[in-house]
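Throughout, read-outs are computed from the coordinates displayed, never taken from laboratory work. These figures come from a predicted structure and were not determined experimentally. Cβ placement follows ideal geometry from the backbone for every residue including glycine, while neighbour counts extend to all protein chains displayed.
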Amino acid sequence: MFGSSAAFNMGHFANKKNDQLLANMNNDKAWNQSYRVQQFKDWQKFMNDQTAYAPNGFSLSWAPVNKRVVNYTTSPANNYFWNSLQLDSATIK
């Protein structure tokens, strides 16, 4: 997925060192667990240093609700939202 010739390399990141690090993760030496773990760590550090992929969008979904509202949830699993919605006080807090 992250190699130069990978079909799903949507970011089109191509780098010889990256390809070498990926190859090291899957060569014959990679049967040794400590070697393979070190290769993954080296690759992760390299990718963090390169910033090859960065999120292109980030958003927060928030809904301000008064403290006196009870049983309010934004969970999509709540099929009975309106049935359970209540106010616990007539005065604004």
Sparse-neighbourhood loop sites, chymotrypsin sites (Phe, Trp or Tyr not before Pro) in the chain - DSSP loop, at most 12 other Cβ within 10 angstrom
Phe8, Tyr53, Phe58, Trp62, Tyr80
I'd like the trypsin sites (Lys or Arg not before Pro) in the stretch 38-80 restricted to DSSP loop residues with at most 12 other Cβ atoms within 10 Å, sorted by number.
Lys67
Lysine pair count for the stretch 8-86 [Cα-Cα under 25 Å; pairs on different chains or 8 or more apart]:
8
Looking at [x] 210; [y] 182; [z] 141, which value of volume of the Cα convex hull per residue in Å³ comes from a calculation on the structure shown?
[x]
Once both axes come from the Cα atoms, what is the angle between helix 33-50 and the longest principal axis of the chain, in degrees from 0 to 90, rounded to 10?
70 degrees
Helix 16-25 axis, angle to the chain major axis (alpha carbon atoms, nearest 10°)
90 degrees
